[in-house]
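Enquirer: If you scroll down you'll find the structure; I have some questions about it.
The values are calculated or read from the model by the stated rules, or taken from the named source; none is laboratory data. None of the values given here were measured: they were computed from a predicted structure. Counting neighbours? That spans all protein chains shown, and the Cβs are built from the backbone with ideal geometry, glycine included.
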Amino acid sequence: MNDIPDHPPRALPIVVQRRRPLLASTRSIAGSTAGPGAPCWVELHTSNVEAACAFYSGLFDWTVQDIEPGRSGRRRFLHRGAPVAGLVANATGSGYDDAWVTYLASHDVAATVASAVRHGGQVVTPPTADAGLATALLRDPAGALIGVCHADSSTRLAPVKDANGVAWLEHHSPDIDWAAPFYQHVFGWRLDTLASTDQIRYLQATAGAHVVAGMVTIAPPVLTDNPSRWAVYFAVTDLDDALHRVIALGGRVLRATESTPSVSIADTTDPTGATLKLQHEPTPAPRARTPSD
């Protein structure tokens, strides 16, 4: 089992001031629009299945479905009956910490894995069909774990309508150029620069007609002891209440709320140290009526 660290990992102290689309409006990783290259699933790898089920059920009002009765370690989280995420036991000796893993859609998982190897990726778990879901797990050239999921799978992220689901996904690394070509070649992404400074560079990823993710470089000394990783943002309706729940349920708040005009974000961990970002986007004020209306 992975030990819970004595001290939480150092959180990133920079927030890029940008408007991040919720999946409710873009539907870029939800429902039938999850085409090749788009995020189609997220899965928690955890060393304590029962603690994780209790934490996320209490935080997001999720219910837990055992998708392999009689076998321990694999669950599916549901919100109002719709699948929102998966869970799998992180076995001792797996080689990676407890973490949320993002999956990108592919029409041919084996071909995508072969392309990933040609473009500098490493295979962590080869293509397999488990519980009716064709998947593979890779490590990109920057070292971040990334999953591949068959695009025609019935498992789909539910659209975010109010909260309690995935709102945004972001690749963090010390240098975007380590990983950007990999995602362009393997998953067909178009990458557009939204911000570029001495310390931070931000790319917006588009697959097909949809904006699907972000990629951010945070240069030293800000990002010296943080590994490359995919960050998963979960939408909440009340960020302060959600942070109180995190603490009450045994998680940690790494960074209190950081706000921009368009979004408020906080960095947290679950009880075993898997990081998750909580996000709240305020409801726009109604437009005042004018005599011409």
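Enquirer: Mind listing whichever residues of the range 173-192 are within 16 Å of Val212 (Cβ to Cβ) and not in a helix (DSSP H, G or I)?
Expert: Ala179, Gly188, Trp189, Arg190, Leu191, Asp192
Enquirer: Another question about this same structure. Please give the number of the condition Leu254 fails out of (1) modelled with pLDDT of 95 or more; (2) within 26 Å of Val49 (Cβ to Cβ); (3) not small (Gly, Ala, Ser).
Expert: The one condition Leu254 does not meet is (1).
Enquirer: Which of the residues that make up the range 67-87 are within 24 Å of Arg245 (Cβ to Cβ) and surrounded by fewer than 17 Cβ atoms within 10 Å (Cβ to Cβ)?
Expert: Passing the criteria: Leu78, Arg80, Gly81, Ala82.
Enquirer: Kindly state which strands (runs of 3 or more DSSP E) lie completely within the range 47-160 and contain at least 1 residues that are touching a strand residue (DSSP E or B) at 6+ places or on another chain (Cβ under 8 Å), within 24 Å of Ala205 (Cα to Cα) and modelled with pLDDT of 95 or more.
Expert: In the range 47-160, the matching strands (runs of 3 or more DSSP E) lie at 99-106, 122-130, 133-139, 145-150.
Enquirer: Something else about it: Kindly check whether there is at least one residue in the range 177-196 that is among the β-branched types (Val, Ile, Thr) and modelled with pLDDT under 90.
Expert: Checked the range 177-196: no residue is among the β-branched types (Val, Ile, Thr) and modelled with pLDDT under 90.
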